[in-house]
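The values are calculated or read from the model by the stated rules, or taken from the named source; none is laboratory data. Keep in mind the model is a prediction, meaning the values are calculated, not measured. Reconstructed Cβ throughout: ideal geometry from the backbone, glycine too, with neighbour counts over all protein chains shown. Ligands, DNA and RNA are excluded from the accessible area calculation, which covers all protein heavy atoms including side chains. Shrake-Rupley method; radii C 1.70, N 1.55, O 1.52, S 1.80 Å.
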Amino acid sequence: MNFDDDLPVFLADFGVTAMALGETHNVIFNKPDAVIFDDMQASADFSMRYLTSEFANLHDGTTIVVEGSTYKVRGEPLKVADGKFSMASLRK
Amino acid sequence: MTKTEAILQAMKTLANQALVGVKVERSRTSTFGESELPALNIKPGEDEVLNYAQQLNKHEFNVTCELYLPPQNSSDQAADPYVEALHQAIANSATLPAIVSDVHYKSRVWQFEDADGSASKLLITYQFIYLNPSNTL
């Protein structure tokens, strides 16, 4: 069983469409709320998880459209776990 | 009413008048939602008492105003007009001289966190000086 072949299938099943730098791929988009400043202020904490091999040139400030809404990448994306996936924090 | 309560009430009134579009609260301990920002939370600090004369105390009462701003680029810069407006309101207040003998701008502390953009919180502390008979607050 080749787990790597399942990754795009996983994103196709559970992801949403994202467009940046002329590319379109499926990503897992998260938008929970977070509390900051000792729980005194609530804020959105947008992020997306994507295949590292896709969106390879994302960096701080890159504009990306996820599910029709525009965001900017916040900080440098980081690889997670075995590096097959990366995570990018986003801001509106 | 104690002097500290009179000061805090005056501060809230001044802030409400001076800071248009800012939600002003007193001693709030619950989370501000994004729709409530910008917000100012006025909190009492220490009331230090020094013996000034026989049966007369000198009070140094610190009040901290916590300014919460929506995440944005240069959020600390966005705080500046609010800080200036609050300071002018305190400096030109007709109410405070009737309550205290002096007000000192004591400190400003900036804090930053990464959220939906750069979030900043600014703590502005003022010190109120007044004399009171030792048998009253």
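Structure above, values below:
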read-out	value
Residue in segment A:60-69 that is within 13 Å of chain B (Cβ to nearest Cβ), exposed (fewer than 13 other Cβ atoms within 10 Å of the Cβ) and over 30 Å from B:V109 (Cβ atoms) present	yes
Which numbered condition B:L122 misses (of (1) in contact with an Asp or Glu (Cβ under 9 Å, 6 or more places away or on another chain); (2) modelled with pLDDT of 95 or more; (3) away from chain A (no Cβ under 14 Å))	(3)
Matching residues in segment A:1-33 - criterion: being surrounded by 15 or more Cβ atoms within 10 Å (Cβ to Cβ) and at pLDDT 90 or above	A:L11, A:G15, A:A18, A:M19, A:A20, A:H25, A:N26, A:V27, A:I28, A:F29, A:K31
Failed criterion for A:G83 (all others in (1) open to solvent by 40 Å² or more (accessible area, probe 1.4 Å); (2) not in a strand (DSSP E or B) hold)	(1)
Filter pass, B:S107 being under 18 Å from the mean Cα position of the chain (by Cα) and either assigned to a strand (DSSP E or B) or loosely packed, with under 12 Cβ neighbours inside 10 Å (or both)	yes
Search result, residues across segment B:1-50 that are away from every other protein chain (no Cβ under 14 Å), over 17 Å from the mean Cα position of the chain (by Cα) and free of Cβ contacts under 8 Å to residues at least 12 places away in the same chain	B:M1, B:V49, B:L50
Single match in B:Q88, B:Q77 (criterion: away from chain A (no Cβ under 11 Å), over 23 Å from B:L14 (Cβ atoms), open to solvent by 60 Å² or more (accessible area, probe 1.4 Å) and part of a helix (DSSP H, G or I))	B:Q77
Count of residues meeting criterion [open to solvent by 20 Å² or more (accessible area, probe 1.4 Å) and either free of Cβ contacts under 8 Å to residues at least 12 places away in the same chain or more than 21 Å from the chain's Cα centre (by Cα) (or both)] in segment B:117-137	5
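Here's the yes/no breakdown for (1) touching a Leu at 6+ places or on another chain (Cβ under 7 Å); (2) open to solvent by 20 Å² or more (accessible area, probe 1.4 Å); (3) among the basic types (K, R):
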position: B:K3; (1), (2), (3): yes, yes, yes
position: B:Q9; (1), (2), (3): no, yes, no
position: B:S30; (1), (2), (3): no, yes, no
position: B:I42; (1), (2), (3): yes, no, no
